[in-house]
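See below for the structure under consideration.
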There are 2 protein chains.
Amino acid sequence: MHKPASDNAQDIHSSGLKATWPRIRILRLFQQTTQRHLSAEDVYRSLLADGEEIGLATIYRVLTQFEQARLLTRHYFESGKAVYELNEGQHHDHLVCMMCGRVEEFCDPEIERLQQQIAERRGFELREHALSLYGVCSNPACQAKARAESRG
Amino acid sequence: MHKPASDNAQDIHSSGLKATWPRIRILRLFQQTTQRHLSAEDVYRSLLADGEEIGLATIYRVLTQFEQARLLTRHYFESGKAVYELNEGQHHDHLVCMMCGRVEEFCDPEIERLQQQIAERRGFELREHALSLYGVCSNPACQAKARAESRG
DNA sequence: GTGGTTGATGATAATACTTATCATTAACCA
DNA sequence: TGGTTAATGATAAGTATTATCATCAACCAC
Ligand SMILES: [Mn+2]
Ligand SMILES: [Mn+2]
Ligand SMILES: [Zn+2]
Ligand SMILES: [Zn+2]
């Protein structure tokens, strides 16, 4: 299941970066974690919990480098802080539960096509887009919480 | 063209807020400005330039209050800072030029419908969404700049 | 209109997230 | 197996935003 460290080293190397231990550990974390979407702080705490000695500055640097190397992708989810996820090629957008923070992924080819059309009509060369849906998921606890909030 | 200050006072009052001079000036700015989308800093500098004495903390506070009162809406545009615009009822999304920062607005009913459908299928009660398209606008200067950047 | 109550203001401190600096360390390659 | 050069980590700095608190001004009852 887990790729051996040498494979991670390969991926990192072929992005033109030295295969250092912090980089290997960060990439491995994204490949192994169940929670796909991680902030810098998430990565930091996770590696500390694993007994690694790593600086927060290194996390931020490496996440940025991995994004530029297209090993990771970055999103905002309107939370004020960036989250990253493994880039596995196929584009998708996100559906976020405002109560529990759960993130589901989707890709709708029709929406993608319409976006392209809108940009073209206005003479824009479309480079990227951010689409996030926010709502309340099917978890009964989330629905109860939502009802409680709407009362106040 | 300009609403009289008393009208702004009305709008503010009916949101349950005292019609103070800073609030009146901030609301007026959004009603009069040509550049629809303004950050807290934009508002601050604009009012200072108009000779107002106003604190930045007040700007932040009032923008938040106006958003809660649905007089303004907030967006992020992936810039790391929030921008606000007058809420005139009809929802729309944004197309942003990555070279000059120009913002165009659009609303595609088909995309709206598909979003709703995606949320429903997954058992989410959709509350809101953020859709922003990023690209290069038709301005020749922007296209030249984009070409220059892609070379490096 | 006036005055008292109460919420608003603005200076500034604090916080949250992120990037820059720089001396030390480690990856790579000849 | 060094030497070169880039990476690391501690920490300072930067940027956007929120909290604190003493002073001030809207509003409402009179
Ligand atoms: Mn994702
Ligand atoms: Mn807009
Ligand atoms: Zn939920
Ligand atoms: Zn442009």
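The table that follows gives values for the structure above.
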{"read-out": "Amide H contacts under 5 Å for B:ARG102, placed H, 5+ residues apart", "value": "B:CYS97"}
{"read-out": "At 0.692 mPa s and 37 °C, Stokes diffusion of region B:63-118 via Kirkwood alpha-carbon radius, µm² per second", "value": "254"}
{"read-out": "Extension reserve of the B:GLU112-B:LYS145 stretch, reckoned as 0.36 nm per residue once the Cα distance is removed", "value": "8.6 nm"}
{"read-out": "Two-decimal ratio, region B:91-152, of alpha-carbon radius of gyration to 2.2 N^0.38 Å", "value": "1.52"}
{"read-out": "Per-residue [θ]222 nm for chain B (sum of -39500 (n - 2.57) over DSSP H runs n ≥ 4, rounded to 500)", "value": "-14000 deg cm²/dmol"}
{"read-out": "GluC sites (Glu not before Pro) within region A:35-122: DSSP coil, no more than 15 neighbouring Cβ in 10 Å", "value": "A:GLU52, A:GLU53, A:GLU88"}
{"read-out": "Max mean-square fluctuation residue, GNM over chain B, Cα-Cα springs under 10 Å, options B:ILE26, B:ILE59, B:ILE118", "value": "B:ILE118"}
{"read-out": "Kirkwood Rh, angstrom, the protein assembly as shown [1 / mean 1/r, Cα pairs]", "value": "22.2"}
{"read-out": "A:HIS129 long-range amide H proximity, modeled H, under 5 Å", "value": "B:TYR134"}
{"read-out": "Label geometry 7 Å along the beta-carbon vector: A:GLN68 inter-copy distances in nm", "value": "4.1"}
{"read-out": "Region A:63-130-region B:68-103 distance, computed between alpha-carbon centres (Å)", "value": "18"}
{"read-out": "Placed amide H near A:GLU52: partners under 5 Å, 5+ positions off or other chain", "value": "none"}
{"read-out": "Within region A:1-89, trypsin sites (Lys or Arg not before Pro) in DSSP loop having at most 16 other beta-carbon neighbours inside 10 Å", "value": "A:LYS18, A:ARG36, A:ARG70, A:LYS81"}
{"read-out": "Mean-position separation - Cα centroids, region A:11-61 and region B:1-51, in angstrom", "value": "46"}
{"read-out": "Global form of region A:4-49, assessed from the alpha-carbon gyration tensor, a/c cut-off 1.5", "value": "prolate"}
{"read-out": "Distance violations [Cα-Cα > 29 Å] among B:LYS81/B:LYS145; A:LYS81/B:LYS18; B:LYS18/B:LYS81; A:LYS18/A:LYS81", "value": "A:LYS81/B:LYS18"}
{"read-out": "Cα centre as origin, Lys/Arg/Asp/Glu Cβ charges: chain B dipole, Debye", "value": "300"}
{"read-out": "Shape call, chain B: gyration tensor on alpha carbons, a/c limit 1.5", "value": "oblate"}
{"read-out": "Three-way shape label, region B:1-89, alpha-carbon gyration tensor, a/c 1.5", "value": "rounded"}
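Every number here is computed from the coordinates shown, using simple stated rules; none is lab data. All figures in this text were calculated on a predicted structure; none of them were measured in a lab. For neighbour counting, all protein chains shown are included, and Cβ atoms are generated from backbone atoms with ideal geometry for every residue, glycine included.
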